[in-house]
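Values in this text are rule-based calculations from the coordinates and carry no lab data. On a predicted model such as this, the values are computed, not experimentally measured, just so you know. A quick note on method: Cβ atoms are made from the backbone with ideal geometry, for glycine too, and the neighbour counts reach across all protein chains shown.
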Amino acid sequence: METIYFELHDRSYRVKVEIPEHPSGLCIVVPSGQMGKFDQEGAEGERELYSHLFSLLPTQGIGVAQPDMPLRKRLDLPADEKHLCERGYLLKKTLQLPLLSHFPPERIVFLGVSLGGYVVLNNLHSRYAGAILVGCVIEEKISWTEPVRNIHLIYGSHDYIAYGDESGELIPIAPEEYSKKCVQLLKESGVVNVSCTILDGFSHTLTPRVDTTEKPEEKIMNLIKKIICVPHCSKKIPSSGREAHLGSVRYPQN
């Protein structure tokens with residue numbers, strides 16, 4: 001495990017990185033709005049999910065990176081456009097780091113959780129392999145200059161949303177219902193391949209609500225492998241970036 005430090009707007013940020021030898025691709029974790037620093041708690045079960053992925057993905061030849069993200073002062077209030085832009089800008093800077101910049105875009109998959117899903121959608125383009133969005137509700141069409149390749153939506157079966165009716169009463173909507181609209185909106189936005197999974201017994205951030213043997217991290221791992229390997233599985237990742245730049249960006253993890 002490695003930690004990269006970099007300065008941005010007079011503030012210090014870190015990126016947690018685990019890259020195996022001869023990687024076939026890279027997963028960038030973009031956390032929920034409840035999570036700032038990667039080694040602190042976020043939404044329920046979020047840190048544990050990422051920890052599992054950092055253990056699993058490198059065994060499958062896939063690198064994984066998670067940057068610190070700015071944390072808004074009032075977590076009980078919705079994130080505004082400025083906060084989304086701040087997180088998006090930090091994501092772009094993370095991808096430009098020497099240790100990560102040698103990965104071809106078509107071998108990069110984003111994992112966006114809740115608010116992180118919207119950050120990913122705002123910064124996704126046709127060159128990237130695709131994205132997996134957890135607990136991200138799509139409410140309108142998205143404008144991209146070119147078609148995005150792959151987006152897979154994941155919801156826990158206990159992840160209900162609610163809208164108010166004319167009387168002000170909140171009407172709960174199950175993911176089995178609202179996910180259909182989300183998929184349709186992404187298709188209308190020009191995404192080439194859209195798919196969706198609803199994990200029975202899990203919550204918004206894929207914490208189990210009932211006894212289950214299902215492991216969300218394994219589902220996510222298999223999806224990442226599938227997205228990266230189609231149609232680019234025969235290409236090799238250039239390795240020069242790692243050897244050329246490791247000495248200038250590696251720091252011991254604190």
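Fully extending the segment from Glu169 to Glu139 would add 8.8 nm, taking 0.36 nm per residue of separation and subtracting the current Cα-Cα distance.
Using only the Cα atoms of the stretch 116-240, build the gyration tensor, take square roots of its eigenvalues as a ≥ b ≥ c, and label the shape rounded, prolate or oblate: rounded if a/c is under 1.5, else prolate if a/b is larger than b/c, else oblate.
Note, shape of the stretch 116-240 comes out oblate.
Counting neighbouring beta carbons within 10 Å and listing from fewest to most, the residues Phe202, Phe103 come out as Phe103, Phe202. Ranking Pro216, Pro104, Tyr160 by how far each Cα lies toward the positive end of the dipole of the chain (charges on Cβ) leaves Pro104 at the top. Extension gain, Arg74 to Lys219: 0.36 nm times the residue separation minus the Cα-Cα distance gives 49.0 nm. Across the chain, Cα-Cα pairs more than 34 Å apart make up 14 percent of the total.
Label-to-label distance for Ser157 and Glu81 is 4.0 nm, based on points extended 7 Å past Cα in the beta-carbon direction. Coordinate range of the alpha-carbon atoms in the stretch 1-92 per principal axis, descending: 40, 30, 19 Å. For the residue pairs Lys37/Lys225; Lys73/Lys93; Lys180/Lys225; Lys141/Lys219, alpha carbon separations are all held to 29 Å or less.
Note on the chain: helix-only mean residue ellipticity at 222 nm, from DSSP H runs of 4+ residues weighted -39500 (n - 2.57) and normalised by residue number, equals -9500 deg cm²/dmol.
About its Cα centre, what dipole magnitude does the chain give when the only charges are +1 on Lys and Arg Cβ and -1 on Asp and Glu Cβ, stated in debye to the nearest 20?
1100 debye
Beta-bridge orientation, the chain: approximately 40 percent antiparallel, per DSSP, counting only bridges with both partners inside. Between Glu176 and Lys93, what is the FRET efficiency for a Förster distance of 41 Å, r being their Cβ-Cβ separation, to the nearest 0.05? It comes out at approximately 0.60. Averaging the Cα positions of each part gives two centres, and for the stretch 162-220 and the stretch 77-124 these lie 21 Å apart. Under 5 Å between amide hydrogens, built in the peptide plane, is the criterion, and for Thr197 it picks out Leu153, Ile154, Tyr155 among residues at least 5 positions away or on other chains.
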